[in-house]
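Structure first, commentary second.
The values are calculated or read from the model by the stated rules, or taken from the named source; none is laboratory data. It should be emphasised that the depicted structure is a prediction, and the values quoted were computed from it without experimental measurement. Neighbour counts are summed over all protein chains in view; Cβ atoms, including those assigned to glycine, are modelled from backbone coordinates with ideal geometry.
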Amino acid sequence: MSEQKAELYEHDLSVARWRKAEESGPEHNRVEINDLPGGGTAVRDSKNPHLQPLRYTATEWSMFRRAMMSGEL
């Protein structure tokens, strides 16, 4: 794991202010995101908020969103 990626997991998300992702589906299929320092993004499933959120660097998040929007994923 790169140092930049490891730093994303050092941030405490217990008091994070999650918001619905713009690309998220209907209320029951909600993906929530939280901005991290340095341009990173944390992502979680609102139905399972107790699970560890995924964390992406700014570059990873941009590539992931581009792939989702183009139908690659």
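A few comments on the model shown:
- Close pairs from segment 46-73: first free of Cβ contacts under 8 Å to residues at least 12 places away in the same chain, partner assigned to a loop (DSSP other than H, G, I, E, B) and hydrophobic (A, V, I, L, M, F, W, C), Cβ under 6 Å, at least 6 apart: ALA67/LEU73
- For ASP35: the one exception among (1) at positive phi; (2) at pLDDT 90 or above: (1)
- Selection of first residues in segment 29-40 that are touching a residue at least 24 places away in the same chain (Cβ under 8 Å) and of second residues that are assigned to a strand (DSSP E or B), restricted to Cβ pairs under 8 Å at least 6 apart or on distinct chains, gives the following pairs, ordered by first then second residue: LEU36/ALA42; LEU36/ARG55; GLY40/ARG55; GLY40/TYR56.
- Boolean, GLY71 is in contact with a Ser or Thr (Cβ under 9 Å, 6 or more places away or on another chain) and modelled with pLDDT of 90 or more: no
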